[in-house]
Amino acid sequence: MTPHRPDREVAIVAFAQSDHRRRTDDLSEVEMVMPVLHDVLRQTGLRTSDIDFTCSGSSDYLAGRAFSFTMALDGVGAWPPISESHVETDGAWALYEAWVKLLTGEADTALVYSYGKSSPGSVRDVLTRQLDPYYLAPLWPDSVALAALQAQALVDVGATDEPALAAIATRSRADATANAHAQLPGARPQGEYVVRPLRTGDCPPIGDGVAAVILAVGDRARELCARPAWIRGMDHRIEAHSLGVRDLTDSPSTRLAAERAGAFEAPVDTAELHAPFTSQEVVLRRALDLDESVRVNPSGGALAANPVMAAGLIRLGEAAARIHRGDSDRALAHATSGPCLQQNLVAVLEGEPHVR
Amino acid sequence: MTAPSETLRAPLVVEFPFTRSLGPVQSAFLTGLRERTVLGVRTETGEVLVPPVEYDPATAAELRDLVEVGATGTVTTWAWNPAPRTGQPLATPFAWVLVRLDGADTALLHALDAPGPEAVRTGLRVRIRWAAERSGAITDIACFEPYDSDPVNEPAAHDGRFTDPVTGIVAAARLDYTYSPGRAQTRYLHALGERRTVGERCPSCAKVYVPPRGACPTCGVATTDQVEVGPRGTVTTYCIVNIKAKNLDIEVPYVYAHIALDGAGLALHGRIGGIPYDQVRMGLRVEPVWSDDGRYPDHYRPTGEPDADYDTYKELL
Ligand SMILES: [Zn+2]
């Protein structure tokens, strides 16, 4: 099936993120979010009142408080009333919603932000609450345990081994030394097994952080950014929740989303993959047919900074920023949600070839 | 800008016992576990799904054709958990396993009791260890244990009927947090400890927020200038509460009000005491009465001043 080509051109024109840290006890959510919103607005010269649509992503389970996003909304300046929406998942899906809104012609600019403060609770336990409440949640299988089952399945089929996983960790954290915002830049020991076969080094850091992007259409985007990162396609797909009915060594939802986003129509030079665990990069590379010519996670990826609910949006932002800088002409960005890559979003971003 | 005060932190426990109803398939499956019977559901293509679902994950077709599968099975993948966490099936190191029960085509997630990772492998034969007390829940399977047997691959027909079927579960969960209120609220709480109420002024629109949240929602900028407000204030609006809240030691009816402290740019909430509930009115002048430990105003009482003029507080309603 030929991917649908949208009538309106939409681009990411600015990206900002916080320094990702293990804890931010001295900051409330809004205090954490606000500087990043100011940063992304400053890059475009826009004020809140100039933005046609705002969409955010977060999770109340991380904060331990209902409707926690309403407080963070204060940082946007929501009075007089603004056009706003919220998704209770990674901000990548908020970006998808904003993209759709822009495609409808209802808005020409959008602010998308998301944040996660994992430090107040235990994120491994918190994430068990997203599981099926009848068959899974009562067993409290944590996020590392589920990723480890997937990793072992990959080892069993010969798709990877522990040294190969360690190499992914090493490469990611070495790349993160060029990323001023990363939580874990540089070499670090693989460490003991957390849940075998995954060691400390195979797992993402736990931390707090924020990301924000601005989207704009057509000539508005060209006014706001010297080299806009045009969204050529974007799609997201979901698989069955139950792990026992899925082939954990594959990610057909990623492949399908990529197909529908047009990822396979021309080679990409960069891929920002949302793979919190080293083993998940193996799955995603297989699903997306990425070879050695593609620069994967030059930012260091989620292994270097994984603010839950913002880490997916950061992949889109990092891919866009590489296009803004002229480091990439055609990039793939991926975000995931749910256990063992259950839900996957893929976007294809391009810079205009004549503007470098 | 004031110097940051010491970060406050306090335990925050969130507990939620969701009561969930079961459809016909889940009810049969969980009741079956109580009776040491494992049921699966057969799809249109003849595949047997265990644990069973009501709709085919591939076609969305409604599934109702229940079958009984074995209590023995084969590990399809595994992960060794050296440090069990609260709520997990075993307190000693164990393997997480996906097990394809004999007669089933899909795998069930659970725990495997084994002496160590060297005793576990994909393809290992296992059997269910039933919980001594069973109530109709996935935890009726205490765990799996290694068990060398030949697979029996033919599922048996089962009508899914049991006496006294389980129709619902209580999904209990507890999450422990350490709550930190951030800079603005920390400053507010520290001041309350000194029986002062501080708000924060927006540098852009000059509105004073009490309690401060760190940002002006109108301007979207940080509020950093501290302003002492009150202690007196004006009732801007109120309601009369007639139903006693659980664990609340206040006689009903009582009055809950919006109170605009002098100097504040918006009203905060508080209980009104020291006056019969039916004599509270808009414009009533009030002052805080501090709790015994002096860490927050317990309620507000009339000051005895004349009522405030409507024009002085109409913007704060
Ligand atoms: Zn203001």
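Values computed for the structure shown
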quantity: Cα convex hull volume per residue for segment A:92-243 (Å³); calculated: 178 Å³
quantity: Among B:GLU200, B:GLU118, B:GLU68: highest mean-square fluctuation, GNM of chain B, C-alpha pairs under 10 Å; calculated: B:GLU118
quantity: Farthest toward positive dipole pole in segment B:166-212 [+1 Lys/Arg, -1 Asp/Glu at C-beta], among B:ALA191, B:ALA173, B:ALA206; calculated: B:ALA206
quantity: Compactness of segment B:199-291, expressed as Rg and Dmax over alpha-carbon positions, Å; calculated: 15.2, 43
quantity: Computed label-point distance, nm, for sites B:ARG121 and B:GLU305 using a 7 Å Cα→Cβ extension; calculated: 8.4 nm
quantity: Choice from A:ALA335, A:ALA266, A:ALA311 showing the highest fluctuation, given a GNM over chain A with Cα pairs closer than 10 Å; calculated: A:ALA266
quantity: Electrostatic dipole magnitude of segment A:187-281 [Cβ: Lys, Arg +1; Asp, Glu -1; Cα centre; debye, to 20]; calculated: 100 debye
quantity: Phi to ³J(HN,Hα) by Karplus 6.51 cos²θ - 1.76 cosθ + 1.60 over segment B:259-272, Hz, x for Gly, Pro; calculated: 10, 8, 5, 4, x, 8, x, 7, 8, 10, 9, x, 8, 9
quantity: Dipole magnitude of the protein assembly as shown, debye to nearest 20 (Cβ charges: Lys/Arg +1, Asp/Glu -1, about Cα centre); calculated: 1040 debye
quantity: Estimated Rh, segment A:198-356: Kirkwood, alpha-carbon pairs, angstrom; calculated: 15.9 Å
quantity: Sequence-separation-based contact order of chain A, relative, with Cα cut under 8 Å and 6+ spacing, percent; calculated: 26 percent
quantity: Relative pair counts by distance (%), Cα atoms of segment A:14-84, 5 Å bins; calculated: 3, 14, 24, 27, 18, 9, 4, 0
quantity: Interface B:A - total buried accessible surface [probe 1.4 Å, Å², rounded to 100]; calculated: 4700 Å²
quantity: For chain B, the fraction of alpha-carbon pairs in successive 10 Å shells from zero, as %; calculated: 5, 18, 19, 12, 9, 17, 15, 4, 0, 0
quantity: Kirkwood Rh and Cα Rg combined as Rg/Rh, segment B:143-258; calculated: 1.36
quantity: Modelled FRET efficiency - R0 35 Å, B:ALA132 with A:ALA66, Cβ distances, 0.05 increments; calculated: 0.40
quantity: Exercise: per-residue mean of other protein chain Cβ atoms within 10 Å, A:263-272; calculated: 0
quantity: Whole-number D in µm² s⁻¹ for segment A:109-173, Kirkwood Cα-pair radius fed into Stokes-Einstein, 20 °C, 1.002 mPa s; calculated: 145 µm²/s
quantity: Percent of Cα-Cα distances greater than 43 Å, calculated over the protein assembly as shown; calculated: 34 percent
quantity: In nm, spacing of pseudo-spin labels at B:ASP164 and A:ASP247 (7 Å Cα→C-beta vector); calculated: 4.6 nm
quantity: Accessible-area value, B:LYS244, 1.4 Å probe, nucleic acids and ligands omitted, Å²; calculated: 100 Å²
quantity: Å² of accessible area per residue within chain A, as computed with a 1.4 Å probe and no ligands counted; calculated: 34 Å²
quantity: Percent accessible area from carbon and sulfur atoms, the protein assembly as shown, protein chains only, probe 1.4 Å; calculated: 50 percent
quantity: Pair-distance profile P(r), taking every C-alpha pair of chain A, with 20 angstrom steps and integer %; calculated: 33, 60, 7
quantity: Per-residue SASA entry for A:ASP90, accessible area with 1.4 Å probe, Å² rounded to 10; calculated: 10 Å²
quantity: Inter-chain Cβ neighbour average for residues B:171-184, partner chain, 10 Å; calculated: 6
quantity: Angle between chain A longest axis and helix A:162-175 axis [Cα atoms, degrees, rounded to 10]; calculated: 30 degrees
quantity: Average beta carbon contacts from partner chains per residue of A:147-155, 10 Å cutoff; calculated: 5
quantity: Cα-based helix-to-principal-axis angle, B:182-193 vs chain B, degrees rounded to 10; calculated: 50 degrees
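The values are calculated or read from the model by the stated rules, or taken from the named source; none is laboratory data. Just so you know, these numbers come straight off a predicted model, no measurement behind them. So basically every Cβ, Gly included, is an ideal-geometry build from the backbone, and we count neighbours across all protein chains shown. Just so you know, the surface numbers come from the protein's heavy atoms only, side chains and all, with ligands and any DNA or RNA stripped out. Shrake-Rupley method; radii C 1.70, N 1.55, O 1.52, S 1.80 Å.
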